[in-house]
Amino acid sequence: MKSVKAVVPWWLKIGAKIALARLPVPYAWWKGVGLFEHGDMNQPQRALETFLEHARAANILGGENAVPQLRTQGDNFTVLELGPGDSLFTAVIARSLGASKTWLVDADSYATMAIQPYAKLINYLRQQGFQLSKVALPQTVGGLLKDCHAEYLSDGIRSLAQVPSSSVDYCFSNAVLEHIPKEDFTLFALELSRLMKPDGVSVHRVDIKDHLGGNLNNLRFAEVTWEGDLFRKSGFYTNRIRYKEMVALFDKVGFDCQFPRVVRWETLPTPRVKLDEAFRNLSDDDLLVSGFDVVLRRKR
């Protein structure tokens, strides 16, 4: 049987989320009932698999052992995760792989501060053979972050100003870039270029389907409607920056772009005639892209 989410039409989801997002209910409650969630990085196996998948794409893993390690430069290999969501698991994973410092940057304080999920992660990593001699299990998540030499910053793009210039070896995100407000994206790209080391690498998985039903329904709306507060603050916003446009923005601020993964629909999932005029005349080649992975390195 299909889930309730799968059968509810996209337009009804918009109305429901606009109404629900304005109720005086904390995020933790919405997450508990499955209506608003920020990724699945609170599951130990999934968090480790995601980190390693992107790290392999960045070619930052070394050694021939069954348990991977980062290609560390002495004792100075730094990691930045954008949008950690419901957990700060990356701080523990990066430290167990040899990272000397980790920053975790999000738009708000979504991550759980209960210590039990982190204890579960540490046990899982030990079962997989990871060395965790540098990671204890304090009584608080704050203590755990300190042990992992990690900082959690939760003021969105503004938080990146706290990361020193040319300080990051490896940055990654998983279905996050599409949520950065459109008006902030150029600033984000400039900040990313500023904080990466000259030989640093950044890997991002971008999901440009609508977050209502997995089609192009977000392209039906005029800019003034979609970028207004009503839609921006209701839990389904994406910046609608298309594949080619995002590539051009990264190129403009000085990144070389490589694409190990590009996913396309075979046919347009939403009729072209239903799209707003700002998108209606885009090429099929652009509109058919539903997601991609991009590897960024600063141009020499």
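The values are calculated or read from the model by the stated rules, or taken from the named source; none is laboratory data. Computed from a predicted structure; not experimentally measured. In this analysis, Cβ positions are derived from the backbone assuming ideal geometry, glycine residues included, and neighbour counts consider all displayed protein chains. These area figures cover heavy atoms from the full protein model, side chains too; ligands, DNA and RNA do not enter into them. Shrake-Rupley method; radii C 1.70, N 1.55, O 1.52, S 1.80 Å.
If the condition is being among the basic types (Lys, Arg), farther than 26 Å from Val295 by Cβ and modelled with pLDDT of 95 or more, then region 226-273 contributes only Arg272.
If only residues of region 213-225 that are open to solvent by 10 Å² or more (accessible area, probe 1.4 Å) and assigned to a loop (DSSP other than H, G, I, E, B) are counted, the one that is farthest from Ser290 (Cα to Cα) is Ala222. Pairs linking a residue in region 78-91 that is more than 19 Å from Ser165 (Cβ to Cβ) and open to solvent by less than 10 Å² (accessible area, probe 1.4 Å) to a residue that is at pLDDT 95 or above and acidic (Asp, Glu), with Cβ atoms under 8 Å and 6 or more positions apart or on different chains, are Pro84/Asp106; Gly85/Asp106; Thr90/Glu81.
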